[in-house]
Amino acid sequence: MIRKYQENDLACVLQLWLNASIIAHDFIAAEFWESQVDAMRHVYIPASESYVFEMKNEVVGFYALNENHLAALFVAPEWQGQGIGTQLLAHATHRSETLTLSVYKENQASYQFYVSHGFKVVREQRDIHTGHLEYRMCLER
């Protein structure tokens with residue numbers, strides 16, 4: 001079930017984000033992601049409109065929208081490959097006519113996921129925090 005994020009989801013969302021980020025972005029040191037937890041807690045999550053995917057009273061995925069920018073979409077590693085990310089993305093696409101996002105070029109699994117759902121690369125850019133190349137992508141309905 002997808003529902004609006006609530007403050008009491010924060011600990012679960014942060015742990016899910018951290019675990020999934022370390023695995024999906026294994027080309028970036030885990031310490032970098034660990035250093036970003038406070039920013040997620042105090043800046044990014046509060047500034048976003050967020051939704052969680054809940055299974056059996058457990059948050060197993062979430063996405064965060066900042067206006068029409070998909071700032072985050074993560075599924076717990078043990079729940080990946082079961083359509084949860086697709087459901088979260090479909091929910092997000094109904095909230096905005098146009099969606100943008102950034103995905104690391106080295107994260108081919110996520111890049112392919114977004115391409116398979118109709119996103120197109122708008123440009124390639126260097127992430128200012130990590131120095132890694134990323135694609136800026138867009139989906140227009």
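The values are calculated or read from the model by the stated rules, or taken from the named source; none is laboratory data. Small disclaimer: the values here were computed from a predicted structure and weren't measured. For neighbour counting, all protein chains shown are included, and Cβ atoms are generated from backbone atoms with ideal geometry for every residue, glycine included. Protein only, heavy atoms only, side chains kept; ligands, DNA and RNA dropped before computing areas. Shrake-Rupley method; radii C 1.70, N 1.55, O 1.52, S 1.80 Å.
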Taking every alpha carbon pair in the range 51-108, what does the distance histogram look like in 5 angstrom bins from 0, in percent?
4, 19, 28, 25, 17, 7, 1
Top mean-square fluctuation among F27, F119, F74, Gaussian network model of the chain, C-alpha springs under 10 Å?
F27
Cα gyration tensor of the chain, axes a ≥ b ≥ c as square roots of the eigenvalues: rounded (a/c below 1.5), prolate (a/b > b/c) or oblate?
rounded
Expected 222 nm ellipticity per residue - DSSP helices of 4 or more, -39500 (n - 2.57), all of the chain, to 500:
-8500 deg cm²/dmol
Size of the range 1-40 along its principal axes in angstrom, Cα-based, largest extent first?
32, 21, 10
In debye, nearest 20: dipole of the chain around its Cα centre with unit charges on the Cβ of K, R (+) and D, E (-)?
440 debye
Among S21, S35, S50: highest mean-square fluctuation, GNM of the chain, C-alpha pairs under 10 Å
S35
Express in nm, to one decimal, how much length is gained between N68 and K56 on full extension, taking 0.36 nm for each residue of separation and deducting their alpha carbon distance.
1.3 nm
Which whole-number value in Å² is the accessible area per residue of the chain, probe 1.4 Å?
55 Å²
Would you mind counting up the charge near D127? Only other residues with Cβ under 10 Å from its Cβ, with Lys and Arg at +1 and Asp and Glu at -1.
+1
Ranking A30, G83, H132 by how far each Cα lies towards the positive end of the charge dipole of the chain (+1 on Lys and Arg Cβ, -1 on Asp and Glu Cβ), the top one is G83
With the 8 Å Cα cutoff and a minimum separation of six or more residues, the range 24-141 has a relative contact order in percent of 19 percent
Identify all lysines with a Cα-Cα distance to K105 below 25 Å; exclude those on the same chain that are fewer than 8 residues away in sequence.
K120
For the full complex of protein chains and a 1.4 angstrom probe, list L133, L18 by accessible area with the highest value first.
L133, L18
Sticking with the crude label model, points 7 Å out along Cα→Cβ, report the distance from F32 to A11 in nm, one decimal please.
2.9 nm
Around Y5, which amide H atoms from residues at least 5 apart in sequence, or from another chain, sit under 5 Å from its own amide H, with H modelled in the peptide plane?
S50, Y51, V52
Using a 1.4 Å probe on the protein chains only, how many percent of the accessible area of the chain belongs to carbon and sulfur?
50 percent
From a point 7 Å beyond the Cα of A90 in the direction of its Cβ, which residues of the range 105-141 have a backbone N at a distance under 11 Å?
none
